[in-house]
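Visitor: Let me give you the structure first, and then I'll get to my questions.
The values are calculated or read from the model by the stated rules, or taken from the named source; none is laboratory data. Owing to the predicted nature of the structure, the values given are computational and were not obtained by experimental measurement. Cβ atoms come from the backbone with ideal geometry, glycine included; neighbour counts cover every protein chain shown. All accessible areas refer to the heavy atoms of the entire protein, side chains included, with ligands and DNA or RNA removed. Shrake-Rupley method; radii C 1.70, N 1.55, O 1.52, S 1.80 Å.
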Amino acid sequence: MKRRDFVKLAGSAFGAAFCSTVSGQTFFANSKMKVSKSDRPNIILILADDMGFADIGCYGSEVQTPNLDKLAAQGIRFTQFYNSARCCPTRASLLTGLHPHQAGIGWMTDKWAENQRENLNSPAYTDGLNKECITIAEGLKRGGYHTMMSGKWHVGEDRDRGHWPFQRGFDKSFSLIVGASSYFRMNPNVTVLNDKKIDANHDDFYITDEFTKYANKFIEEAAEEKQEPFFMYLAYTSPHWPLHARPEDIEKYRGKYKAAGGWPGVRAERFERMKKMGIIDPSWDISEPDQGVLDWSSVDQDEMDLRMAVYAAQIDSMDQNIGKLVEKLEELDIRDNTLIMFLADNGACAEHYNKKEGKIGSADSMTAYWQSWANVSNVPFRRYKHWAHEGGIATPLIANWPAQIKKHGMITPEPGHITDIMATCLDLADTAYPETYDGHQITPLEGKSLASIFTKGTRPGHDYICVEHEGHRCCRKGKWKLVAVANEPWELYDMEADRTETNDLASEHPDKVAELEADYNTWAAKCNVRPPSYW
């Protein structure tokens with residue numbers, strides 16, 4: 001299939017006009033979506049944790065995600081949307097509409113990262129959101145929204161310094177304030193309900209269920225008290241390690257990954273499915289397995305099948321819970337004017353986490369699914385969480401809003417960045433982004449609203465998009481992407497011909513390398529990006 005035919009497939013076959021959004025290209029006519037105060041939508045933002053680009057059914061996975069698939073079939077899927085490569089930085093960017101360094105979280109907030117933050121010695125690298133930014137909740141409250149959260153926070157732990165969700169604009173919040181937890185028991189010292197720590201554990205506790213339970217409770221209370229419109233941020237820990245799932249969910253997948261030929265077989269199946277669905281251009285080559293991916297014939301195949309079965313079960317459980325959320329909206333008769341957006345905080349995780357022995361999937365086990373399976377999760381892309389190659393920063397994004405999104409099943413290849421979520425929420429809330437807030441000068445908003453894509457299929461995009469984490473960095477401009485691993489030389493890729501980053505063109509286009517490097521350096525200076533001290 002020729003590339004121009006793929007463009008037609010991505011647009012016309014899914015009932016939507018397609019137009020490139022890159023700088024210097026031609027755009028369809030665009031105008032801001034007009035939503036009256038009385039018609040402003042409820043907004044639900046759902047974030048998955050450490051989930052790869054190809055891990056849900058509507059993006060090519062074999063994992064059973066019927067509820068997300070339905071949202072996609074009745075909404076829009078984005079294929080070129082980017083996050084900020086890792087948990088804390090992405091969450092900071094998502095919540096503020098700024099790049100993570102501008103919000104004070106250029107690295108990680110955890111105590112184990114304290115030495116690195118001290119070495120960097122910059123306000124761009126701290127342990128919590130700064131006062132020069134506002135969260136989506138703080139922004140929407142200015143417009144009269146009731147704001148709620150359930151799930152993982154991970155952008156500040158210190159209540160005394162105003163880091164908790166209730167101190168950053170959320171009227172109600174049930175939160176894991178750190179980065180990870182057992183799925184079968186939450187530590188009461190890092191579990192927060194509004195302004196107090198809480199022991200939320202009970203006999204049938206499972207963290208994914210619990211986050212949904214509180215989300216539905218808060219939404220129901222808001223509807224009963226007529227506190228609409230509302231904003232709900234539902235941040236699951238699924239499928240972040242540890243591998244923990246209910247036995248009945250694991251059983252759905254047990255043996256299937258071994259039967260499919262392990263990671264080589266499953267990766268090939270997903271790749272073919274993605275091409276047929278229109279998620280990727282059929283002309284692209286699949287990337288070679290990254291260094292460190294094991295030979296399937298050399299491993300304990302039964303154990304590796306179990307690891308992936310548990311990982312799949314975690315995603316399956318998340319999807320079941322998203323179904324419960326949608327059912328609650330329908331029960332309350334508020335589904336039609338509720339915008340749901342679903343995305344992931346970074347690419348799949350290749351970390352070799354293995355802290356505690358026990359049967360994989362049970363509460364006694366503390367392990368991950370490891371790099372070889374992560375390579376499947378990110379098919380067809382290279383690398384993983386941490387890196388700025390496509391496997392680290394590409395996220396699925398589903399937008400579903402029955403009252404306004406009528407181009408059902410649309411797949412849009414328009415590039416976007418996680419900073420755009422804040423801009424979209426404020427746009428739809430008809431609420432201005434402030435210059436000052438609570439006595440502080442606020443950093444200007446970086447994101448651009450996606451609202452016109454929802455109704456018109458296009459928008460004026462970013463001139464370029466940059467990402468940096470731990471020295472891994474990139475600049476995406478038009479069809480070109482400049483990317484580097486830590487302090488290694490720049491690589492250059494043509495994203496139209498080769499989004500799988502298999503053919504480095506840096507030596508053939510030195511002028512383009514210089515142009516994008518200058519753009520990156522301008523961005524990095526603006527955001528106070530610093531190279532890691534271990535360079």
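Here is a yes/no grid of residues against (1) surrounded by 21 or more Cβ atoms within 10 Å (Cβ to Cβ); (2) closer than 18 Å to Gly416 by Cα; (3) within 20 Å of the chain's Cα centre (by Cα):
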{"site": "His472", "(1), (2), (3)": "yes, no, yes"}
{"site": "Lys477", "(1), (2), (3)": "yes, yes, no"}
{"site": "Ala486", "(1), (2), (3)": "no, no, no"}
{"site": "Ala497", "(1), (2), (3)": "no, no, no"}
{"site": "His509", "(1), (2), (3)": "no, no, no"}
{"site": "Lys512", "(1), (2), (3)": "no, no, no"}
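Visitor: Oh, and also: Evaluate segment 400-413: report whether one residue or more is in contact with a strand residue (DSSP E or B) (Cβ under 7 Å, 6 or more places away or on another chain), within 28 Å of His101 (Cα to Cα) and open to solvent by less than 10 Å² (accessible area, probe 1.4 Å).
Guide: No - not one qualifying residue is present in segment 400-413.
Visitor: Quick one: count up the residues across segment 121-146 that are closer than 23 Å to Gln441 by Cβ and in contact (Cβ under 8 Å) with a residue 40 or more places away in the chain.
Guide: The first filter runs over segment 121-146 and keeps only residues closer than 23 Å to Gln441 by Cβ, leaving 121-143.
With in contact (Cβ under 8 Å) with a residue 40 or more places away in the chain added as a condition, the list becomes 122-125, 131-140, 142-143.
Total satisfying the criteria: 16.
Visitor: Would you check which residues across segment 252-264 are open to solvent by 20 Å² or more (accessible area, probe 1.4 Å) and not hydrophobic (A, V, I, L, M, F, W, C) and list them? Please lay out each step first, then the result.
Guide: Looking only at segment 252-264, we keep the residues that are open to solvent by 20 Å² or more (accessible area, probe 1.4 Å), and these are 252, 254-256, 258-261, 264.
Residues satisfying the conditions are Lys252, Arg254, Gly255, Lys256, Lys258, Gly261, Pro264.
Visitor: If Gly358 meets every condition in (1) more than 21 Å from the chain's Cα centre (by Cα); (2) surrounded by 24 or more Cβ atoms within 10 Å (Cβ to Cβ); (3) farther than 16 Å from Gln314 by Cβ apart from one, which number is that one?
Guide: Failing condition for Gly358: (2).
Visitor: Test of understanding: among Phe81, Phe28, Phe18, which residue is at pLDDT below 95 and touching a Ser or Thr at 6+ places or on another chain (Cβ under 6 Å)? First the steps, then the outcome.
Guide: Numbers: Phe81 fails: at pLDDT below 95; Phe18 fails: touching a Ser or Thr at 6+ places or on another chain (Cβ under 6 Å).
Only one candidate passes the filter, namely Phe28.
Visitor: Additional query: Which residues, taken from segment 220-240, are surrounded by 23 or more Cβ atoms within 10 Å (Cβ to Cβ) and more than 20 Å from Leu94 (Cβ to Cβ)?
Guide: Of everything in segment 220-240, just one residue is surrounded by 23 or more Cβ atoms within 10 Å (Cβ to Cβ) and more than 20 Å from Leu94 (Cβ to Cβ), namely Ala222.
Visitor: What pairs come up if the first residue lies in segment 402-426 and is without any contact (Cβ under 8 Å) to a residue 60 or more places away in the chain, the second is β-branched (Val, Ile, Thr), and their beta carbons are under 8 Å apart, counting only those six or more places apart or on different chains?
Guide: Partner pairs satisfying both residue conditions: Lys406/Thr455.
Visitor: Identify all residues within segment 333-352 that are under 20 Å from Ser181 (Cα atoms) and open to solvent by less than 40 Å² (accessible area, probe 1.4 Å); write none if there are none. Step through it out loud before you land on a result.
Guide: Going through segment 333-352, the residues under 20 Å from Ser181 (Cα atoms) turn out to be 344-352.
Matches in segment 333-352: Ala344, Asp345, Asn346, Gly347, Ala348, Cys349, Ala350.
Visitor: Now for a separate question. May I ask you to say which residue of Ala245, Ala215, Ala235, Ala268 is in contact with a Lys or Arg (Cβ under 6 Å, 6 or more places away or on another chain) and not aromatic (Phe, Trp, Tyr)? It would help to see each step written out before you state the result.
Guide: On the way: Ala245 fails: in contact with a Lys or Arg (Cβ under 6 Å, 6 or more places away or on another chain); Ala215 fails: in contact with a Lys or Arg (Cβ under 6 Å, 6 or more places away or on another chain); Ala268 fails: in contact with a Lys or Arg (Cβ under 6 Å, 6 or more places away or on another chain).
The match here is Ala235.
Visitor: Kindly state which strands (runs of 3 or more DSSP E) lie completely within segment 162-253 and contain at least 2 residues that are closer than 30 Å to Ala374 by Cβ and among the hydrophobic types (A, V, I, L, M, F, W, C).
Guide: Numbers: elements: 172-176, 191-193, 230-235.
Because the criterion is at least 2 residues that are closer than 30 Å to Ala374 by Cβ and among the hydrophobic types (A, V, I, L, M, F, W, C), the strands (runs of 3 or more DSSP E) in segment 162-253 that meet it are 172-176, 230-235.
Visitor: Further question: Among the residues of segment 514-535, write down those that are aliphatic (A, V, I, L, M) and either surrounded by 14 or more Cβ atoms within 10 Å (Cβ to Cβ) or touching a Cys at 6+ places or on another chain (Cβ under 6 Å) (or both). Steps first, please.
Guide: Going residue by residue through segment 514-535, those that are aliphatic (A, V, I, L, M) are 514, 516, 518, 524-525, 529.
Within segment 514-535, Leu516, Ala524, Val529 meet the criteria.
Visitor: Kindly list, by first and then second residue, each pair from a residue in segment 504-524 that is closer than 19 Å to Glu390 by Cβ and part of a helix (DSSP H, G or I) to a residue that is among the hydrophobic types (A, V, I, L, M, F, W, C) and open to solvent by 80 Å² or more (accessible area, probe 1.4 Å), limited to pairs with Cβ atoms under 8 Å and residues at least 6 apart or on different chains.
Guide: none
This table checks each residue for (1) small (Gly, Ala, Ser); (2) out of contact with any strand residue (DSSP E or B) (no Cβ under 9 Å at 6 or more places or on another chain); (3) open to solvent by less than 10 Å² (accessible area, probe 1.4 Å); (4) outside any helix (DSSP H, G or I).
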| site | (1), (2), (3), (4) |
| --- | --- |
| His99 | no, no, no, yes |
| Trp107 | no, no, no, yes |
| Trp112 | no, yes, no, no |
| Cys133 | no, no, yes, yes |
| Leu140 | no, no, yes, no |
| Met149 | no, no, yes, yes |
| His154 | no, no, yes, yes |
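Yes/no matrix, rows are residues, columns are (1) outside any loop (DSSP other than H, G, I, E, B); (2) over 14 Å from Tyr125 (Cβ atoms); (3) open to solvent by less than 10 Å² (accessible area, probe 1.4 Å):
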site	(1), (2), (3)
Asp50	no, yes, yes
Asp55	no, yes, yes
Asn67	yes, yes, no
Lys70	yes, yes, no
Phe81	yes, yes, yes
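Visitor: So, in segment 439-483, exactly how many residues are of a type in the set (Gly, Ala, Ser) and touching a Gly at 6+ places or on another chain (Cβ under 8 Å)? Don't jump to the end; show me each part of the working.
Guide: In the first step, residues of segment 439-483 are kept if they are of a type in the set (Gly, Ala, Ser); the result is 439, 447, 449, 451-452, 457, 461, 471, 478.
Now narrow it down to the ones that are touching a Gly at 6+ places or on another chain (Cβ under 8 Å): 447, 457, 461, 478.
Counting residues in segment 439-483 that are of a type in the set (Gly, Ala, Ser) and touching a Gly at 6+ places or on another chain (Cβ under 8 Å) gives 4.
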